[in-house]
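Enquirer: Supplied in structure tokens, the structure appears directly below.
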Amino acid sequence: MRAWIEGQPVDQHEAIAAAARMLGGARTPIVGGLSGDVAAVRAAYRLAFRIGAAIDCEGSDALYADLGALAARGAMTTTWAEARARADLLLVVGRRAGANPLLDELVAAPVPLAGIAEREVLTLAADRDTLAGHLAVLRALASGRLPPRPETAELNELAGKVKAARFGVAVYDPQELGEPAVGMLQGLVKDLNEETRFSSLPLGVPAAARLALAVGSWTTGDAPRVGLGRGYPEHDPWRFDARRLVASKEADAALWLCAQAHGEVPPAGIPSVVLSGRPDEGQAGIVIEVAVPGEAGTAVCFDERRGTLTAIGSGPSPRNTGAAEILEAIQTAIGEKGPGSC
């Protein structure tokens, strides 16, 4: 296993000791990225508790666009696998969802349980600033609250087709839409279920964020963007946004877990430790190579097609040490540390 300090190769134990000194001496540390398997993310939470860090994940902006709408209005969602098996109609909302490789697979896949040869694909593409308005008009037309008009001819046709679906699925990228448009989309889905069967499928939220949501929920009761500096979890999506903490210079050290996400780097301008499955000595001041989950051995990760946690990989133990073990070693080297400032 390789490790670097300021770009110079060092022994693993030396890098772990340096990471412990950096994080243990920080007043307002952050733990971010959270790209790894369940064991690694759980270990990241334990370390964050020990050092009183704020904890956030990569992709949390997209995650919170969905969570905000869910908390305010509720949501009806399905999985990629269920859409593949049953959907006779796909409504692709926005432009980014249309470019997602998972959508290409979904469109090309057979429809074994729908009793049709080919599913219909509809598109509602507009600029982000106007998407919510288009969805509002479509919702009003589909529910009969707005009579068809010549100026809404395209949306009139779209409303008729989504109402005629036997099992329709609205596919969207939460980060592109933002919370208001996601909320309007979920309202449309809810209305359509008065007469037919319709659901939604968010694409574009990183698998790491979905995994971090699951682990965070059973660990602290909340999604990431939690502060642990007072010795107990405090959830605040604005206050504990890792990149905001760095930009405002509130945070003074960071640990970034990117065992599975490759090419990811922590925010610039802060002393950082990176645990990377595909390391680059220039990623941070301290870089430690870790095993990539599932490449050798078994790991529990988020499966985007099934929409749940699942075991991946097989074979012998990995050549490199797993991120969970490195995080435990850093925590042991830190020892006891009092509450932080956040």
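The values are calculated or read from the model by the stated rules, or taken from the named source; none is laboratory data. Everything quoted here is computed from the prediction, not taken from an experiment. All Cβ positions, glycine included, derive from the backbone under ideal geometry; neighbour counts span all protein chains shown. Note: accessible area is taken over every heavy atom of the protein model, side chains too, but ligands, DNA and RNA are not part of it. Shrake-Rupley method; radii C 1.70, N 1.55, O 1.52, S 1.80 Å.
Enquirer: Could you check, for region 154-162, whether at least one of its residues is more than 16 Å from the chain's Cα centre (by Cα) and among the basic types (Lys, Arg)? Please lay out each step first, then the result.
Expert: Keep residues of region 154-162 that are more than 16 Å from the chain's Cα centre (by Cα), which gives 154-162.
With among the basic types (Lys, Arg) added as a condition, the list becomes 161.
Within region 154-162 (the criterion being more than 16 Å from the chain's Cα centre (by Cα) and among the basic types (Lys, Arg)), the answer is yes, since at least one residue qualifies.
Enquirer: Still on this structure, I have one more. Part of a loop (DSSP other than H, G, I, E, B), at pLDDT 95 or above and open to solvent by 20 Å² or more (accessible area, probe 1.4 Å): does that describe residue 264? It would help to see each step written out before you state the result.
Expert: Numbers: part of a loop (DSSP other than H, G, I, E, B): yes; at pLDDT 95 or above: no; open to solvent by 20 Å² or more (accessible area, probe 1.4 Å): yes.
When the stated conditions are applied, residue 264 does not pass them.
Enquirer: Residue 139: within 19 Å of residue 97 (Cβ to Cβ) and not acidic (Asp, Glu), yes or no? Explain how you work it out, then say what you get.
Expert: Numbers: within 19 Å of residue 97 (Cβ to Cβ): yes; not acidic (Asp, Glu): yes.
So residue 139 fits the description; yes.
Enquirer: Under 8 Å between Cβ atoms, which residue pairs at least 6 apart in sequence (or on different chains) link something in region 212-229 that is more than 16 Å from residue 242 (Cα to Cα) with a partner that is of a type in the set (Lys, Arg) and open to solvent by 30 Å² or more (accessible area, probe 1.4 Å)?
Expert: 215/42; 219/42
Enquirer: Quick check: anything in region 85-92 assigned to a loop (DSSP other than H, G, I, E, B) and within 13 Å of residue 199 (Cα to Cα)?
Expert: Taking region 85-92 as the starting set, the residues that turn out to be assigned to a loop (DSSP other than H, G, I, E, B) are 87-88.
When the remaining residues are screened for being within 13 Å of residue 199 (Cα to Cα), the result is 87-88.
Yes, the conditions are met somewhere in region 85-92.
Enquirer: Ok, one more. Could you tell me which numbered condition residue 196 fails, if it satisfies all but one of (1) outside any loop (DSSP other than H, G, I, E, B); (2) β-branched (Val, Ile, Thr); (3) open to solvent by 10 Å² or more (accessible area, probe 1.4 Å)?
Expert: (1)
Enquirer: Among the numbered criteria (1) open to solvent by 50 Å² or more (accessible area, probe 1.4 Å); (2) outside any loop (DSSP other than H, G, I, E, B), which one does residue 81 miss?
Expert: (1)
Enquirer: Under 6 Å by Cβ, and 6 or more places apart or on different chains, what pairs join a residue from region 82-97 that is within 19 Å of residue 175 (Cα to Cα) with one that is of a type in the set (Asp, Glu)?
Expert: Pairs that qualify, where the first residue is within 19 Å of residue 175 (Cα to Cα) and the partner is of a type in the set (Asp, Glu), are 94/173; 94/176; 96/173; 96/176; 97/173.
Enquirer: I want to confirm something. Restricting to region 112-137 and keeping residues that are of a type in the set (Asp, Glu) and within 26 Å of the chain's Cα centre (by Cα), which single residue is most open to solvent (accessible area, probe 1.4 Å)? Walk me through it before giving the result.
Expert: Start the filter on region 112-137 by keeping residues that are of a type in the set (Asp, Glu), which leaves 118, 120, 127, 129.
Subset that is within 26 Å of the chain's Cα centre (by Cα): 127, 129.
Working: 127: 95, 129: 146 Å².
Applying the filter and picking the extreme gives 129.
Enquirer: Give the residue, chosen from 222, 280, 303, 241, that is touching a His at 6+ places or on another chain (Cβ under 6 Å) and open to solvent by 10 Å² or more (accessible area, probe 1.4 Å).
Expert: Values: 280 fails: touching a His at 6+ places or on another chain (Cβ under 6 Å); 303 fails: touching a His at 6+ places or on another chain (Cβ under 6 Å); 241 fails: touching a His at 6+ places or on another chain (Cβ under 6 Å).
Selected residue: 222, the only one of 222, 280, 303, 241 that is touching a His at 6+ places or on another chain (Cβ under 6 Å) and open to solvent by 10 Å² or more (accessible area, probe 1.4 Å).
Enquirer: For region 172-182, how many residues are closer than 14 Å to residue 75 by Cβ and either at pLDDT 95 or above or buried (at least 23 other Cβ atoms within 10 Å of the Cβ) (or both)?
Expert: Counting residues in region 172-182 that are closer than 14 Å to residue 75 by Cβ and either at pLDDT 95 or above or buried (at least 23 other Cβ atoms within 10 Å of the Cβ) (or both) gives 5.
Enquirer: Report yes if residue 136 is farther than 23 Å from residue 193 by Cβ, of a type in the set (A, V, I, L, M, F, W, C) and in a helix (DSSP H, G or I), otherwise no.
Expert: no
Enquirer: Any idea which of (1) at positive phi; (2) buried (at least 16 other Cβ atoms within 10 Å of the Cβ) is the one residue 269 doesn't satisfy?
Expert: It fails just one condition, (2).
Enquirer: Taking the criterion of being in contact with a Leu (Cβ under 7 Å, 6 or more places away or on another chain), in a strand (DSSP E or B) and open to solvent by less than 10 Å² (accessible area, probe 1.4 Å), would at least one residue in region 19-29 satisfy it?
Expert: yes
Enquirer: Here are some residues: 298, 310. Which one is among the polar types (S, T, N, Q) and either under 17 Å from residue 45 (Cα atoms) or modelled with pLDDT of 90 or more (or both)?
Expert: Values: 298 fails: either under 17 Å from residue 45 (Cα atoms) or modelled with pLDDT of 90 or more (or both).
Unique residue meeting the criteria: 310.
Enquirer: Does region 154-166 include one or more residues that are open to solvent by 40 Å² or more (accessible area, probe 1.4 Å) and closer than 21 Å to residue 102 by Cβ?
Expert: No, every residue in region 154-166 fails to be open to solvent by 40 Å² or more (accessible area, probe 1.4 Å) and closer than 21 Å to residue 102 by Cβ.
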